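The values are calculated or read from the model by the stated rules, or taken from the named source; none is laboratory data. This structure is a prediction, so every number in the text was calculated from the model and none was measured. Cβ atoms come from the backbone with ideal geometry, glycine included; neighbour counts cover every protein chain shown. Each accessible area value is taken on the protein alone, full model and side chains, heavy atoms only, with ligands, DNA and RNA left out. Shrake-Rupley method; radii C 1.70, N 1.55, O 1.52, S 1.80 Å.
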Amino acid sequence: MISKRKSRKNIRQFLVDTNLFIAAVKNPKKETKSLRLLLELINDTNVILIGNEFLIMEMEKYAKVFESDRGKEILHKLIDKMKVVDVDEKFLHICKPYFPEDELIDIYHAATCLQDSATLITNDKHFDKINTDKIIEVWSISKTIKEFEI
């Protein structure tokens with residue numbers, strides 16, 4: 001019998017940044033590695049997806065821009081799986097110095113990851129310094145694809 005403690009070790013938490021969502025749905029007829037990765041993250045029972053209200057708003061905006069049924073379907077699956085975090089002010093204060101003032105949404109994404117000990121999946125270079133300083137863990141899309149053997 002496997003103990004709950006041991007099985008919980010395999011569970012990872014991720015925040016999927018909008019650029020992975022865009023890469024996955026921008027060309028609905030093409031099955032890209034980004035699309036396969038996103039579907040794997042949605043379907044993997046050892047993965048918890050977290051987010052915040054701003055992340056959902058961003059993804060909804062891009063789902064409309066690309067006007068694809070596949071994009072809307074993936075968005076609904078993401079939202080259904082996503083644990084939406086109400087970010088505590090103290091985590092915003094910790095993350096704020098790492099971003100320009102006009103990158104409020106990125107501050108929220110970083111604070112969400114910090115608060116819930118999640119890894120951020122993004123290709124956005126705004127997160128390089130906060131990753132280097134080990135405030136949060138950040139994986140590029142290509143690193144995540146390798147980690148999940150997509």
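Annotation: per residue accessible area for the stretch 47-142 equals 54 Å², rounded to a whole number [probe 1.4 Å, protein chains only]. Under 30 Å of direct C-alpha separation, and excluding same-chain neighbours fewer than eight residues apart, LYS29 reaches these lysines: LYS61, LYS64, LYS72, LYS77, LYS81, LYS83, LYS125, LYS143, LYS146. Can you tell me the FRET efficiency between LYS129 and LYS29 if r is taken as the Cβ-Cβ distance and R0 is 35 Å, rounded to the nearest 0.05? Result of the calculation: an efficiency of 0.40.
In this label model, GLU89 and THR45 are separated by 4.2 nm, measuring between points 7 Å along each Cα→Cβ vector. When each of the peptides 134-140, 96-102, 74-80 is scored by how many other beta carbons lie within 10 Å of its residues on average, the order from highest to lowest is 134-140, 74-80, 96-102.
The order of the peptides 104-114, 119-129 by mean Cβ neighbours within 10 Å, most packed first, is 104-114, 119-129.
For the stretch 68-85 versus the stretch 118-148, the inter-centroid distance based on Cα atoms is 21 Å. Dipole magnitude for the chain: computed about the Cα centre from +1 point charges on Lys and Arg Cβ and -1 point charges on Asp and Glu Cβ, it is near 820 debye.
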